[in-house]
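Read the structure below first, then the notes.
Since every read-out is calculated from the coordinates, none of them should be taken as a lab result. For clarity, every value in this text was computed on a predicted model and none was experimentally measured. As a convention, Cβ positions derive from the backbone with ideal geometry for all residues, glycine included, and neighbour counts pool all protein chains shown.
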C-alpha cells in the first residue's frame with residue numbers, strides 16, 4: 001500500500017460510500033454490543049479494560065513506527081496518567097481568581113471521554 005502523500009490524487013480523496021456501508025453497519029452493531037457489555041462490568045474491571053485497550057493501541061502504533069515498547073511499562077504509565085487526570089478533575093485550579101476549566105488540553109478531553 002502506498003503512502004497517502006505519494007498518491008496522484010493527494011490530497012483530494014474520493015471513495016464510494018456505499019462500498020463502506022456494510023463495514024460501518026458491522027462496526028456500529030459491534031460497538032453497541034461492547035457498550036452494553038461494559039455496563040455489566042465492575043468499575044475496577046472497566047479500569048483494567050481501559051488500560052488494556054489503550055496500551056494495545058499504543059503498542060500497535062509504536063510498532064508501525066518501528067519502535068517496540070514494553071507493555072507493562074506502557075500500562076504503568078497509563079495508570080499513572082489516568083490517576084493524575086482523575087485527581088485533577090476533582091479540584092479545578094484557579095489563578096488570579098479565574099478558573100482554568102475552559103483551558104483543558106486535547107489530551108484531557110480525550111482522556112475524559114475514555115473514563
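General remarks:
- Applying 1/(1 + (r/R0)^6) with r as the Cβ-Cβ distance of residue 52 and residue 26 and R0 = 30 angstrom yields a FRET efficiency of 0.85.
- Between residue 60 and residue 4, the modelled labels are 1.7 nm apart [label points 7 Å from Cα along Cα→Cβ].
- Once the Cα-Cα distance is subtracted from the 0.36 nm per residue extended length, the residue 18 to residue 68 segment shows a gain of 14.3 nm.
- From most to least packed by mean Cβ count within 10 Å, the peptides 32-45, 69-82, 5-18 give 69-82, 32-45, 5-18.
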